[in-house]
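These notes concern the structure reproduced below.
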Amino acid sequence: MSTADVSSEAGGVSRAQGIDMMLEVILVPVSDLERATEFYLRLGWRRDDNTPPGVEQFTPPGSGCSVVFGEGLTSAAPGSAGGFLVVPDIEAAREALVADGIEVGEIFHVTPDGPVPGRDPDGGSYVTRAFFSDPDGNSWMLQEITTRLPGRLG
């Protein structure tokens, strides 16, 4: 199916479908700026400059998208955000995070019947995962991707 075949909910072709829209920043609601800053520094994420006072922005290694948090940015409840972090080797990523003092759940893989402990026995991309959260409960899912689906970047 081409993008010209994609219809909007209104029933017509979206006028915006031909406009590049790069996901740049995700808002992460936190309750304590200093505690969140310390956590994201421990993750090894780059602390970005040029943020206003009371606001922090961090970018994961290799990512084109950042997270931002701080005073007055959102009315969302702390801990209500989440996202996926793509890694090429989930065991290495998990071990590195644990070594840096991050509490990461056990590795599991998804099946039609639900999650199953351990790596995907077939080594499939997009299937093997591990979960961690920041001090407020914002959730981050590590997802191992070794081969991208057609049309995906990276």
Item to check | Hey, Glu34 over 20 Å from the mean Cα position of the chain (by Cα), charged (D, E, K, R), within 30 Å of Gln57 (Cβ to Cβ) and at pLDDT 85 or above or not | outcome: yes
Item to check | Criterion violated by Phe108 - all others in (1) within 16 Å of the chain's Cα centre (by Cα); (2) more than 20 Å from Arg35 (Cα to Cα); (3) of a type outside the set (Val, Ile, Thr) satisfied | outcome: (1)
Checklist entry - Taking region 42-85 as the region of interest, how many residues are among the small types (Gly, Ala, Ser), surrounded by 13 or more Cβ atoms within 10 Å (Cβ to Cβ) and within 26 Å of Gly124 (Cβ to Cβ)? => result 3
Next on the checklist: Residues that are over 17 Å from Ala130 (Cβ atoms), surrounded by 15 or more Cβ atoms within 10 Å (Cβ to Cβ) and hydrophobic (A, V, I, L, M, F, W, C): does region 86-106 have at least one?
Outcome noted: no
Checklist entry - Hey, which of the strands (runs of 3 or more DSSP E) in region 40-154, taking only ones fully inside, have at least 1 residues that are at pLDDT 95 or above and under 24 Å from Val25 (Cα atoms)? => result 55-59, 66-70, 82-87, 128-133, 139-144
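To keep it simple, each residue is scored yes or no on (1) aromatic (Phe, Trp, Tyr); (2) in contact with a Lys or Arg (Cβ under 8 Å, 6 or more places away or on another chain).
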| residue | (1), (2) |
| --- | --- |
| Phe84 | yes, no |
| Ile90 | no, yes |
| Ile102 | no, yes |
| Glu106 | no, no |
| Thr111 | no, no |
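The values are calculated or read from the model by the stated rules, or taken from the named source; none is laboratory data. Treat the numbers as computed from the prediction; the structure is a model and nothing was measured. Neighbour counts run over all protein chains shown; Cβ positions are idealised from the backbone, glycine included.
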